[in-house]
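Shown next, in structure tokens, is the structure this report addresses.
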Amino acid sequence: MTSVRPALIRTVRPLATVGACVALVAACSNASTSPGSPTTVPSLAAAAGTPATSSLTSTSTPTSAPRVAALPPELNAGTPEACDPTDTGKSCLAPGTYRLTGGPDAWPVMITIDVPAGWFEPGPFDTGWDAVLVESGPDTQYDNSGWGVQFTTVGDVYRDPCDVSKGTIPASQVATPRELAVAIAAWPGFAATAASPVAVDGHSGLAFTLSRTAKGCGLGTSWRSASNGLVNAYPFASGRTYSTTMRIVDTGHGLLVIRAVDFPNTSPWELGLGVAQSATRHAADQPKLQAILDSIRLTDWPAST
């Protein structure tokens, strides 16, 4: 199998916090009448012949500016945390809710996920491409696992992820979940299951599983992101046993592709680090991956971003 190691790089980014809450409260103002010349306004009852009892009073109420909700921190600004007691380099993220790295120039909507303990953001990736992976552990010196979920936008799509010389399909021709699913199903040397409807946080799309049917071609190249970042075809291009579940979601502002590993065995990245093949290496990680997928939230960007 072709090595996939050179192109996945971990970065531990500086700690930062994101978001602020602002509340402005306006003072109440009460109108007052002159002591020497009281003013009264006839009520409906007085107009009908009954004594008037209403006096002119202020009806103003306190007002306040809308509260600006704090945004979750970006993945690259999360708090570093040790993956386990032997990890002195703090290779993982503190568990919590995060948004994908990048703003409206990178993502059609704000995408948030819940990250469990023992997971991290690899990188650097190009704009419009992010991921969270489980940490591989001390047998790889916490170098990476290549096992988890990726998020990407979509621009031009390569006709063959293992041979970029065959050119691309223009973004305008793969602008819907159906069009992109058809383009992927036509990739030579790959097999896709029938696409079925899926919903992600109320947004409709299509889901299917993609596998390599020929010899692996390493990382491969699947498409350009909507902001022209180069997106690889890992892990499904790396060999026959690395099936990947694709969820193509119509966010209402552009496509979002969620690519989740669909195998429990040792990843091609870990094999490149010398880890032995195991059919169950990531079996215990699969429920956590599903929990991340279930936590995905897609919301419009706040006007202030």
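Bear in mind that the values in this text are calculations on the coordinates, not laboratory data. Given the structure is predicted, the values throughout are model-derived calculations rather than measurements. A quick note on method: Cβ atoms are made from the backbone with ideal geometry, for glycine too, and the neighbour counts reach across all protein chains shown.
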Nearest 0.05, what FRET efficiency do Asn228 and Thr79 give at R0 = 45 Å with Cβ-Cβ as r?
0.90
Amide H of Trp147 versus every other amide H placed in the peptide plane: which residues, excluding those fewer than 5 positions away on the same chain, fall under 5 Å?
Val134
Evaluate the distance, in nm, between pseudo-label points positioned 7 Å from the Cα of Asp294 and of Ala175 along their respective Cα→Cβ axes.
3.7 nm
Quick one: which residues, 5+ away or cross-chain, put their amide H under 5 Å from the amide H of Trp223? H built at 1.01 Å from N.
Tyr158, Val231
Just to verify a number: FRET efficiency for Ala186 and Thr88, C-beta to C-beta distance, R0 = 45 Å, to 0.05?
0.40
How would Thr266, Thr176, Thr86, Thr127 line up from fewest to most surrounding beta-carbon atoms within 10 angstrom?
Thr86, Thr176, Thr127, Thr266
Name the long-range amide H neighbours of Tyr242: under 5 Å, sequence gap of 5 or more, or other chain; modelled H, no Pro or chain starts.
Arg212
At what distance in nm do the modelled label points of Ala284 and Ala117 sit from each other, each positioned 7 Å from its Cα along Cα→Cβ?
1.2 nm
What's the local net charge at Asp84, with K and R +1, D and E -1, over the other residues with C-beta under 13 Å away?
-3
Taking Lys and Arg as +1 and Asp and Glu as -1, residues besides Gly118 with C-beta under 11 Å from its C-beta add up to -4
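Quick one: net charge around Trp147, please, counting Lys, Arg +1 and Asp, Glu -1 for every other residue with C-beta under 13 Å from its C-beta.
Once positives and negatives cancel, what remains is -2.
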With the dipole of the range 165-254 defined by +1 on each Lys or Arg Cβ and -1 on each Asp or Glu Cβ, the option from Thr213, Ala185, Gly202 whose Cα lies farthest towards the positive pole is Thr213
